[in-house]
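Step one of this worksheet: look at the structure below.
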Amino acid sequence: EVTGPRSGRWAHETPKSATPDPGVTWGRLDNGFRYALLPHQGVPGRVALQLIVLAGSLDERPDELGIAHYVEHLAFGGSKNFKADDMVALFQRLGVEYGSDVNAITTFDHTAYRLDFRENDAALLREGLRLFRDFGDGVSFDPAIIERERRVVLAELRNRNTVSDKQQLASMPVVFRGLQFPQRSPGGSEALIGKFTREQFLAFYRRNYRPDLMVLVGTGDFEVTAMT
């Protein structure tokens with residue numbers, strides 16, 4: 001039986017688990033997609049939403065090293081309902097910067113996309129959720145965008161090739177001896193990144209971007225019933 005975050009269940013649904021925070025609304029759709037909503041008025045009007053995909057560099061196959069982070073980049077290159085320019089326009093309406101490294105992050109075990117709303121505007125929140133939906137099942141993987149972002153991803157990887165980064169990478173297999181993740185850096189392999197095909201992106205995306213591996217986390221000044 002699958003256990004843990006990838007089981008499609010909340011941690012508090014397993015035996016002998018801790019009691020969940022009663023201030024959070026924990027939900028699940030019929031397709032396994034989960035959501036956790038915590039309303040508060042820390043900053044009046046502000047709302048923060050994150051789409052968390054429980055897939056990161058540890059979910060890459062040996063010939064896919066770096067593909068999880070690359071897919072994160074490609075999500076911002078256009079989708080079923082949003083061309084890249086449409087995404088830029090949405091982020092401008094939100095009053096925030098636009099781009100993969102600004103609005104998303106890929107780690108060993110998850111990829112997270114974030115939207116911050118300066119005001120609780122129902123129409124804008126719907127647009128944000130519609131964008132998240134497209135990240136989940138509507139990324140276009142346009143060949144031109146793949147080639148454009150290939151240069152960006154490779155440049156990011158080379159920029160991390162510093163003495164301190166090399167020291168960290170060298171120390172991890174020693175500190176975490178016997179574990180797999182030190183060999184699965186989210187940055188990936190420069191050689192493999194240079195030759196990923198559209199078919200490989202689609203295979204990783206279809207395998208890992210599934211409703212049962214996705215969680216929407218919402219916090220801020222909203223009415224929980226309406227958000228649900």
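Residues are listed down the side, and each one gets a yes or a no for (1) open to solvent by less than 20 Å² (accessible area, probe 1.4 Å); (2) assigned to a loop (DSSP other than H, G, I, E, B):
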| residue | (1), (2) |
| --- | --- |
| P62 | no, yes |
| H73 | yes, no |
| F91 | yes, no |
| F108 | no, yes |
| G128 | yes, no |
| S164 | no, no |
> Which residues, counting only those in the stretch 191-208, are open to solvent by less than 20 Å² (accessible area, probe 1.4 Å) and either polar (S, T, N, Q) or not in a helix (DSSP H, G or I) (or both)?
Replying inline: F196, N208
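Being surrounded by 12 or more Cβ atoms within 10 Å (Cβ to Cβ) and either out of contact with any Leu (no Cβ under 6 Å at 6 or more places or on another chain) or at pLDDT below 80 (or both) is the filter here, so list the residues in the stretch 180-189 that pass it. Walk me through how you get there before you give the answer.
Keep residues of the stretch 180-189 that are surrounded by 12 or more Cβ atoms within 10 Å (Cβ to Cβ), which gives 181-189.
Once the filter is applied, which keeps residues that are surrounded by 12 or more Cβ atoms within 10 Å (Cβ to Cβ) and either out of contact with any Leu (no Cβ under 6 Å at 6 or more places or on another chain) or at pLDDT below 80 (or both), the stretch 180-189 yields F181, P182, Q183, S185, P186.
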> Which of the residues that make up the stretch 209-220 are surrounded by fewer than 18 Cβ atoms within 10 Å (Cβ to Cβ) and either modelled with pLDDT under 95 or under 16 Å from T106 (Cα atoms) (or both)?
Replying inline: P211, D212
> Can you tell me which residues in the stretch 15-37 are in contact (Cβ under 8 Å) with a residue 40 or more places away in the chain and either open to solvent by 60 Å² or more (accessible area, probe 1.4 Å) or among the aromatic types (F, W, Y) (or both)?
Replying inline: L29, N31, F33, Y35
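Being surrounded by 15 or more Cβ atoms within 10 Å (Cβ to Cβ), assigned to a loop (DSSP other than H, G, I, E, B) and either touching a helix residue (DSSP H, G or I) at 6+ places or on another chain (Cβ under 9 Å) or of a type in the set (S, T, N, Q) (or both) narrows it down to one residue among A68, A55; which is it? Write out each step before concluding.
Working: A68 fails: assigned to a loop (DSSP other than H, G, I, E, B).
When all the criteria are applied, what remains is A55.
With respect to L54, is the statement that it is hydrophobic (A, V, I, L, M, F, W, C), touching a residue at least 24 places away in the same chain (Cβ under 8 Å) and more than 23 Å from I105 (Cβ to Cβ) true? Break it down stepwise before answering.
Values: hydrophobic (A, V, I, L, M, F, W, C): yes; touching a residue at least 24 places away in the same chain (Cβ under 8 Å): yes; more than 23 Å from I105 (Cβ to Cβ): no.
No: the conditions fail for L54.
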> Residues R9, R46: which one is of a type in the set (K, R), more than 28 Å from Q183 (Cβ to Cβ) and within 20 Å of the chain's Cα centre (by Cα)?
Replying inline: R9
> Are any residues in the stretch 134-153 assigned to a helix (DSSP H, G or I) and surrounded by fewer than 17 Cβ atoms within 10 Å (Cβ to Cβ), and if so, which ones?
Replying inline: D137, P143, A144, E147, R148, R151, V152
> If you go through the stretch 166-175 one residue at a time, do you hit one that is surrounded by 13 or more Cβ atoms within 10 Å (Cβ to Cβ) and of a type in the set (G, A, S)?
Replying inline: no
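The values are calculated or read from the model by the stated rules, or taken from the named source; none is laboratory data. Quantities reported herein were computed from a predicted structural model and do not represent experimental measurements. Note: ideal-geometry Cβ built from the backbone for every residue, glycine included; neighbour counts use all protein chains shown. The accessibility values were calculated without ligands, DNA or RNA, using every heavy atom of the protein model including side chains. Shrake-Rupley method; radii C 1.70, N 1.55, O 1.52, S 1.80 Å.
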